[in-house]
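> Here's a structure for you.
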Amino acid sequence: MHSRHLPLLLSALIGATAFAGAPGKVPLAVEYPKPLFAGTPRPISLANLEPAGAKRPDILVSAESKLLSRGKKVTSSDSLPVIGELSFITDGDKTGIDGAYVELGPNTQWVQVDLGASAKIDAVAVWHFHSQARVYHDVVVQISDDPEFKKGVKTIFNNDDDNSSKLGKGGDKSYVETNHGRVLPADGASGRYVRLYSNGNTSDELNHYCEIEVFGVAK
Amino acid sequence: MPHALLRCLPLALLAAAALWLRTHELARRPMHADEANQGVKTGELVEAGRYAFDPRDHHGPTLYYLGAAVATLRGQATLAALDETTLRLVPALAGALAVPLLVLLARRREPGGPGLSEPAALAAGAFLALAPPAVYYSRYFIQETLLATGALAVAVALRCWWRSGRTRWAVAAGTGLGLMQATKASTPLFVAAAAIAVLLTRAAARPASPRPGRDLLAGVGAAAVTAALLYSSFGTHWAGLRDALSVYLHALLRFGAEAPPTGHEKPWGYYLQLLGWSRAGGLLWHQAALSALALAGLAVAARRRDPLLRGCAVYGLLILAAFSAFPYKTPWHAVHFAAPAALLAGLALDALACRRAGPVLAAAAALLVGLSLWQQTRLVAFLRPADGRNPWAYVHSSSDVLKFRPLAEAARAARPGEPIRVISEEYWPLPWYLRGLPDVGYWTEAPPDCEGALVIASLAQAEAVRARLRRPARESFVGLRPGFLCVVFHPEP
């Protein structure tokens, strides 16, 4: 066998094994917007970063999983954003262009999507801002049935490595925003509300969201 | 209250407001790379008492000497002790001084004489006090505001000399000109524009001085002595005089037709857009109200036979044309259009006030323009002073840079014997933020030994640094400016 076929064969084997180990699971289909980076891109090849534009590994979800968040109500710690509206977060427009994102104030801020009813959540996808290479600080994503997030809280992502947002220290890696945003597995966590925190970014002290998508199965 | 004091009260209040706008929360905005670089240079002057003019990468000495003077007054004797407020007080005080200078330049001294009525001159001063570029760059440790205020001071002194004929005013104007030249080598551009403006508008007139040639010589002498004192570091670095001339050769090599692009080339209409409006990231930035009134003032200046106001209009247009024609453009040059625009806007109000029901209309127009300027200045200088969308925050450091110092201090405390390494092709303003810390080194490429208490690397250098680290390290990201990220390596305990 020619050696150039080896990686292909290995990939197929790994893929087949993954599917064999997860009966009834299918790769989550997420629609990605066009990249918005302008100018000469800087080389990004870090161990804990995916290169700009590269596709992350598929997240396997149940076959019945669907988008639950479109058009759902969003609340926030900053109830009156200066730029954009909270409804932009679940309106399906993730292009990231001017007029397609909401800008929240400085320091730790959160947005919360109310799914309307408790659901079994497979994944949460978030696009903060992807027209410039930037990293959002202290990104924490939680799921709960309690709108106040005081009980029954499951944290599915936390990259606040110094606990500066006082939500507990997290071990997840930071990442540079791209048009692929970040799709986070929720492993079937149960909850009606999804809350996302952030604490500014490497370009300014503000917090932005283009879109949040919550995938799962309604109960 | 005596009548004279009462007459000065509006100008005093205006100057106080201008000073507050220029000094309130001066340290809040992170340091721009240029401010940081000049801050470190000022720190060296404060600490070692030495300064040598560098014709390649720096402007003239005035800013540094004034910074050192303010530092002495505030009891800051080392680079480590210097702070943002000390440095920015220099342009802030100069920017505040520009407001009464403009009013003094513009106001009519005798009935029927050249200039604006008292209310119109005060309105012009208020517009300058509130103008976004004037406020923003008065809070910014670079040369531009000093230069603009110097030009106004020279103009006021020249007007006094023209009217009184006293040689001391010619010497004062010359001293101001010398300070301008010692601030920035672009001063001849302003002198040429002013000379053309005077020739075009006052060709037939004669100054009151019986011996204008002698006064001119006295002025030129004062300018030469002042500039020479500063460029020679007060007689301690005579090579500075040679370098003060060679700066034009360096400029030719840097900006000449054969020179490579600097990265700051912009279309000719760049400044017109700054004077008008632009939209970025959902925010509207504008000066359109002031510019519209200034355009009306320009039309009035063309019709009114007032050599002072016509001269100021010609000067403003020439400066705008010259900066627009030059491909190298940065927003701080727009400071030089603020005073002429404010004066022309005042002229429009002056003309409007002469009409029936004019005073009310003029007051309303002044109020509207003033409110529009305040709304923009609040946004530009106080709400979003380092925002990447702010057209005046040019290639500005992001607020994240404020995190470097605490990170470095914590790292030094945890590993006292180890260095702090900054490995990045661009690293300003970090030398400012890490000032006073021992064992801080800077590399543009990863050195063979990358170990340290804290290693700050640009994205481009991060992979090479990671490969050379022998100990495991936790990584985090801190921004230097929008789009330029640093990876911070914290060695694991």
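Values in this text are rule-based calculations from the coordinates and carry no lab data. As the structure is a prediction and not an experimental result, all values here were calculated from the model. Cβ placement follows ideal geometry from the backbone for every residue including glycine, while neighbour counts extend to all protein chains displayed.
> Any idea what angle helix B:459-468 forms with the longest principal axis of chain B, computed on alpha-carbon atoms, 0 to 90 degrees, nearest 10?
Between helix and principal axis, roughly 20 degrees.
> Only counting other Cβ atoms within 10 Å, I'd like A:Leu60, A:Leu68, B:Leu13 sorted with the fewest neighbours first.
Ascending Cβ contact count within 10 Å gives the list B:Leu13, A:Leu60, A:Leu68.
> So, with +1 on the Cβ of K and R and -1 on the Cβ of D and E, and no other charges, what is the size of the charge dipole of the stretch B:121-202 about its Cα centre, to the nearest 20 debye?
Charge dipole of the stretch B:121-202: 280 debye, to the nearest 20.
> So, one more: Relative to the longest principal axis of chain B, what angle (0 to 90°, nearest 10) does the C-alpha long axis of helix B:167-181 take?
With both axes taken from Cα atoms, the answer is about 30 degrees.
> Would you order B:Tyr140, A:Tyr136, A:Tyr193, B:Tyr442 from fewest to most other beta-carbon atoms within 10 Å of each residue's own beta-carbon?
Ascending Cβ contact count within 10 Å gives the list B:Tyr442, A:Tyr193, A:Tyr136, B:Tyr140.
> Going by how many other Cβ atoms sit within 10 Å of their own, how do A:Val82, A:Val139, B:Val300 line up, fewest first?
Ascending Cβ contact count within 10 Å gives the list A:Val82, B:Val300, A:Val139.
> Which one of B:Val300, B:Ala313, B:Gly235 has its Cα pushed farthest toward the positive end of the charge dipole of chain B, where Lys and Arg give +1 and Asp and Glu give -1 at the Cβ?
B:Val300
> Using a Cα-Cα cut-off of under 14 Å, which aspartates and glutamates could be cross-linked to A:Lys25, ignoring same-chain neighbours fewer than 8 residues away?
A:Asp58, A:Glu64, A:Asp122, A:Asp187
> Net charge within 11 Å of B:Ser164 by Cβ-Cβ distance, Lys/Arg positive one each and Asp/Glu negative one each, not counting B:Ser164 itself?
Result for the local shell: +4.
> Also: Treating the beta-carbon of each Lys and Arg as +1 and of each Asp and Glu as -1, no other charges, what is the dipole magnitude of chain B about its Cα centre, to the nearest 20 debye?
1900
> Please give the helix B:118-130 orientation as an angle from the longest Cα principal axis of chain B, in degrees from 0 to 90, rounded to the nearest 10.
Its long axis makes an angle of about 10 degrees.
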